[in-house]
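The values are calculated or read from the model by the stated rules, or taken from the named source; none is laboratory data. Model, not experiment: these values are computed from the prediction. Neighbour counts are summed over all protein chains in view; Cβ atoms, including those assigned to glycine, are modelled from backbone coordinates with ideal geometry.
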Amino acid sequence: MSAVRVRIAPSPTGPVHIGLARTALYNFLYARANDGCFILRIDDTDRARSTQESLDSILEAMRWLGLDWDEGPEKGGGLGPYLQSERSDRYRECVDQLVSDGKAYPCFCTPEEVQAGRQRMLETTGVGMYDRRCRDLDTTEARKRVETGESHTVRFKIPEGSVTVPDLIKGDVVVELRQVDDWVMVREDGSPLYNLCSAVDDADMEISHVIRGEEHFVNAVKQLLLFAALGRTPPRFAHLPLILGKDGKKLSKRVAQTNLLDYKRDGYPPEALINFFTLLGWGFDAERDLFTLSEAIERFDLAKLSKSGSILDEEKMLWMCGVYIRDMDTDALLDRVTPFLVAAGACTADDIASRRDWFRHLVTCYQERIQIYSELPEKASYLLRDGIDYDAKAEKNLRKNPEAATWLQEYRDALAGLPADAVIEQLEQHARDFAEAREIKFGHFVHPVRAALSGTAVGPGLFDIVSLLGRERVLDRLTKAAQWLQQ
């Protein structure tokens, strides 16, 4: 088997989406599984829409997911440059060769003439293609018109017959060429278009496999013909099935156009997303949905990719994120959530460094209660600030028993007599003794205390809350809750 060389070629014209992330991941996995080369190429021929900001976001997203490329921007490589905007001379050279060989031709038709011709073709043949009026112009005449500066595009001359597109996922697909237009390779302003650039780059960079979304299948026909016209060996194609919504239909615009970096900003563990995206068309085995990137590399096989669309279940994605968070080392998780705590204004990085044991305890309490990092500052807000408000369930638990105000005040006074460094086990036993002495069912006692201390009815263990809040805040909140009930 020849060396595996794969690539992704995103356009820096907007955010990185889920579809591109999956395509990049499958290319990366295939390269690593076969000791191959993973290339990042930037399709920036659309100069009007390409931005440095979009390019930076592509690089950031790739780095965040851990999809380290071997050749491309910031890395270089022997077959670059890897920005298409820097390869214009090479495209021009190939176009000149194709025109000279009679496999492409200048087209002098105006847009209006092209449209009129398409309409005539539609009416006479049922297919609205370019009517090829410039295809058979005398080559000498055409050359003179080009040399005098007459406005023109350059079109590829589609041969007769059919072409078979061998696809590693779809199988062999035969396409009748009478259905394929003489497509424009070069705009009137001289700028090259996608299919020309893509095929030339794939040939020059010795790409062995083109793994991409099935929306590009239509381009495979044009690119195969272009490879043949240039006398180059085409890569093998693998067109990935669509990613579908939970209803089995086309992915909603909201999800399809979500910026991948929004997941980063919201605190999705990248390892969980890698696991989840890998499953959008490929299965690890029949019994496991959770695996590491290294394990996926060991088993990844294009032959096992699904031929049908894959369902993107956002609930499962969040569940998977939660699983990864629960399995994290506590210190590692604290490092991951630190930027989110700081951004929320809950603390400073210096606070965390100086009170690391306290924050480790906080993270341990919420490790099984969050699915993404950004949830922690909100869920634990009552532990990170002085004042609290009672939500509806907390108010209900406070008012449920008419004796609650008395219990809270007496418990506050009892707690004041405990050593300030009492551990969780001591705090719990003290509370049980307090409730038993007053013949209060412990469950009935716990609910108003939790509401008084946290302002909510859910959260970690009550005595973790007592320990994290510290004596002064616990006493203060019990007093205020008792007073609130007595109003």
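For the structure I just gave you, tell me whether Pro159 is modelled with pLDDT of 95 or more and surrounded by fewer than 18 Cβ atoms within 10 Å (Cβ to Cβ).
For Pro159, the condition - modelled with pLDDT of 95 or more and surrounded by fewer than 18 Cβ atoms within 10 Å (Cβ to Cβ) - is met.
Among the residues of segment 116-125, is any touching a residue at least 40 places away in the same chain (Cβ under 8 Å) and touching a Phe, Trp or Tyr at 6+ places or on another chain (Cβ under 9 Å)?
Within segment 116-125, not a single residue is touching a residue at least 40 places away in the same chain (Cβ under 8 Å) and touching a Phe, Trp or Tyr at 6+ places or on another chain (Cβ under 9 Å).
With the requirement that a residue be in a loop (DSSP other than H, G, I, E, B) and either surrounded by 15 or more Cβ atoms within 10 Å (Cβ to Cβ) or at negative phi (or both), what does segment 224-240 give you?
Arg232, Thr233, Pro234, Pro235
Going by the structure shown, is Ala228 aliphatic (A, V, I, L, M), without any contact (Cβ under 8 Å) to a residue 24 or more places away in the chain and over 17 Å from Ala21 (Cα atoms)?
yes
Being within 9 Å of Asp182 (Cα to Cα), touching a strand residue (DSSP E or B) at 6+ places or on another chain (Cβ under 8 Å) and assigned to a loop (DSSP other than H, G, I, E, B) is the filter here; which residues of segment 147-162 pass it?
Lys157, the sole residue that qualifies.
For Val221, which of the numbered conditions (1) in contact (Cβ under 8 Å) with a residue 60 or more places away in the chain; (2) buried (at least 19 other Cβ atoms within 10 Å of the Cβ) fails to hold?
Looking at each condition in turn, Val221 falls short on (1).
Does segment 24-54 hold any residues that are surrounded by 21 or more Cβ atoms within 10 Å (Cβ to Cβ) and of a type in the set (Ser, Thr, Tyr), and which are they?
Across segment 24-54, the qualifying residues are Tyr26, Tyr30, Thr45.
Go through segment 343-361 residue by residue and tally those that are touching a helix residue (DSSP H, G or I) at 6+ places or on another chain (Cβ under 6 Å), assigned to a helix (DSSP H, G or I) and either under 22 Å from Leu290 (Cα atoms) or hydrophobic (A, V, I, L, M, F, W, C) (or both).
3
Listed here are the residues, each with its yes/no results for (1) surrounded by 19 or more Cβ atoms within 10 Å (Cβ to Cβ); (2) without any contact (Cβ under 8 Å) to a residue 40 or more places away in the chain; (3) at negative phi.
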| site | (1), (2), (3) |
| --- | --- |
| Leu334 | yes, yes, yes |
| Leu341 | yes, no, yes |
| Ala349 | no, yes, yes |
| Gln367 | yes, no, yes |
| Ile370 | yes, no, yes |
| Asp386 | no, no, yes |
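Within segment 1-103, considering only helices (runs of 4 or more DSSP H) that don't extend past its boundaries, which have at least 3 residues that are under 20 Å from the mean Cα position of the chain (by Cα), at pLDDT 95 or above and of a type in the set (Gly, Ala, Ser)?
18-33, 52-65
What number of residues in segment 50-61 are under 11 Å from Pro10 (Cβ atoms) and in contact (Cβ under 8 Å) with a residue 40 or more places away in the chain?
The total comes to 5.
In this structure, is Glu295 under 15 Å from the mean Cα position of the chain (by Cα) and either touching a residue at least 12 places away in the same chain (Cβ under 8 Å) or under 23 Å from Asn34 (Cα atoms) (or both)?
Taking the combined requirement at face value, the residue does not satisfy it.
Condition (residue is over 28 Å from Glu53 (Cα atoms), in contact with a helix residue (DSSP H, G or I) (Cβ under 8 Å, 6 or more places away or on another chain) and assigned to a helix (DSSP H, G or I)) applied to segment 335-342: is it met by at least one residue?
no
Residue by residue through segment 241-294, note down the ones that are among the acidic types (Asp, Glu) and either within 26 Å of Thr13 (Cα to Cα) or assigned to a loop (DSSP other than H, G, I, E, B) (or both).
Asp247, Asp262, Asp266, Asp285, Glu287, Asp289
Only one of (1) on the phi > 0 side of the Ramachandran plot; (2) assigned to a strand (DSSP E or B); (3) acidic (Asp, Glu) fails for Asp172. Which number is that?
Asp172 satisfies every listed condition except (1).
Please go through segment 295-334 and pick out each residue that is hydrophobic (A, V, I, L, M, F, W, C) and not in a helix (DSSP H, G or I).
Phe300, Leu305, Ile311, Leu312, Met328
Assuming Arg326 fulfils every condition listed in (1) within 29 Å of Ala238 (Cβ to Cβ); (2) touching an Asp or Glu at 6+ places or on another chain (Cβ under 6 Å) apart from one, which condition is it?
(1) is the only condition that Arg326 fails.
Taking into account only those residues within segment 420-447 that are of a type in the set (A, V, I, L, M) and within 14 Å of Gly470 (Cα to Cα), which is surrounded by the most Cβ atoms within 10 Å (Cβ to Cβ)?
Among residues in segment 420-447 that are of a type in the set (A, V, I, L, M) and within 14 Å of Gly470 (Cα to Cα), the one surrounded by the most Cβ atoms within 10 Å (Cβ to Cβ) is Leu427.
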